[in-house]
Amino acid sequence: MYDELTEIDIKKMKEELEYRITKVRPEILEEVKLTRSFGDLSENAEYHAAKRERGKNESRIRYLRNMIKTAVIIDTESDSGKVGLFDTITYYIEEDDCEEQVRIVTSLRRDPFQKIISKESPLGSALMGKSVGDRVCVKIDDSYSYYVVIRKIEKGEDDDSLEIRKF
């Protein structure tokens, strides 16, 4: 499966990839060399920590390269009255009798703790393309779903302010 990402997502990943290859990788290699010189490697915690960091960095580099290579670039434009990417949506949750607000983004920049959700999430996918006043079923799994009513759509745009997520 390919990740649907924006031009800015790709740009941010390329910037991080370049940074990790040109800055982080040489620093970690120096750290590995330095800590290796401390002596007995079987009890050298600094050496093992540096090797773990090298592994994490190399893993992230592979991840970024793969994401860039397999990404499908998507358009961020949406109809003026419909929910689209980077829009902020105010919605009413019927079963909880409360209002919530979320911003819908690509999977790479989601942050549920900040109410920034992926368009692939159950709520995000249910809201995409809908209009103010629409009653939408949000299906969590085969045994649970709930209804929301869209109260307001604030059109947004893709910008550099949202960081790509780490793993």
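Among the residues of the stretch 100-107, is any surrounded by 14 or more Cβ atoms within 10 Å (Cβ to Cβ), within 17 Å of the chain's Cα centre (by Cα), in contact (Cβ under 8 Å) with a residue 12 or more places away in the chain and more than 29 Å from residue 144 (Cα to Cα)?
To start, the set of residues in the stretch 100-107 that are surrounded by 14 or more Cβ atoms within 10 Å (Cβ to Cβ) comprises 100, 102-107.
With the extra rule that they be within 17 Å of the chain's Cα centre (by Cα), the set shrinks to 102-107.
Next cut, in contact (Cβ under 8 Å) with a residue 12 or more places away in the chain only: 102-107.
Narrowing further to those that are more than 29 Å from residue 144 (Cα to Cα): none.
The answer is no, given that none of the residues of the stretch 100-107 is surrounded by 14 or more Cβ atoms within 10 Å (Cβ to Cβ), within 17 Å of the chain's Cα centre (by Cα), in contact (Cβ under 8 Å) with a residue 12 or more places away in the chain and more than 29 Å from residue 144 (Cα to Cα).
Please list, ordered by first then second residue, the pairs with beta carbon atoms under 8 Å, 6 or more apart or interchain, first in the stretch 77-92 and at positive phi, second hydrophobic (A, V, I, L, M, F, W, C) and part of a strand (DSSP E or B).
86/104; 86/105
Could you look through the stretch 34-47, keep only residues that are surrounded by 14 or more Cβ atoms within 10 Å (Cβ to Cβ) and within 21 Å of residue 24 (Cβ to Cβ), and pick out the one that is farthest from the chain's Cα centre (by Cα)?
Let us first name the residues in the stretch 34-47 that are surrounded by 14 or more Cβ atoms within 10 Å (Cβ to Cβ), namely 35-36, 44, 47.
Cutting the leftovers down to within 21 Å of residue 24 (Cβ to Cβ) gives us 35-36, 47.
Values: 35: 35, 36: 36, 47: 32 Å.
If we take residues in the stretch 34-47 being surrounded by 14 or more Cβ atoms within 10 Å (Cβ to Cβ) and within 21 Å of residue 24 (Cβ to Cβ), then 36 is farthest from the chain's Cα centre (by Cα).
Check residue 22 against each of (1) within 30 Å of residue 138 (Cβ to Cβ); (2) assigned to a helix (DSSP H, G or I) and name the one condition it does not meet.
Here residue 22 meets the rest and fails (1).
Residue 151: farther than 14 Å from residue 79 by Cβ, in contact with a Gly (Cβ under 9 Å, 6 or more places away or on another chain) and of a type outside the set (Val, Ile, Thr), yes or no?
Values: farther than 14 Å from residue 79 by Cβ: yes; in contact with a Gly (Cβ under 9 Å, 6 or more places away or on another chain): yes; of a type outside the set (Val, Ile, Thr): yes.
Criteria met by residue 151.
Could you check the stretch 110-140 and list, in sequence order, the residues that are under 13 Å from residue 162 (Cβ atoms) and of a type in the set (A, V, I, L, M, F, W, C)?
Residues satisfying the conditions are 116, 117.
Taking the stretch 32-50 as the search range and keeping residues that are assigned to a helix (DSSP H, G or I) and of a type in the set (A, V, I, L, M, F, W, C), which one is modelled with the lowest pLDDT? Talk me through it step by step, then tell me what you get.
At the first step, the residues of the stretch 32-50 found to be assigned to a helix (DSSP H, G or I) are 32-36, 41-43, 45-50.
From what's left, of a type in the set (A, V, I, L, M, F, W, C): 32, 34, 41, 45, 49-50.
Working: 32: 90, 34: 90, 41: 75, 45: 86, 49: 92, 50: 92.
Out of the qualifying residues, it is 41.
To keep it simple, each residue is scored yes or no on (1) touching a Lys or Arg at 6+ places or on another chain (Cβ under 6 Å); (2) at pLDDT 95 or above; (3) of a type in the set (A, V, I, L, M).
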| position | (1), (2), (3) |
| --- | --- |
| 58 | no, yes, no |
| 62 | no, yes, no |
| 74 | no, no, yes |
| 126 | no, yes, yes |
| 139 | no, yes, no |
| 157 | no, no, no |
| 163 | no, no, no |
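The values are calculated or read from the model by the stated rules, or taken from the named source; none is laboratory data. Everything quoted here is computed from the prediction, not taken from an experiment. As a convention, Cβ positions derive from the backbone with ideal geometry for all residues, glycine included, and neighbour counts pool all protein chains shown.
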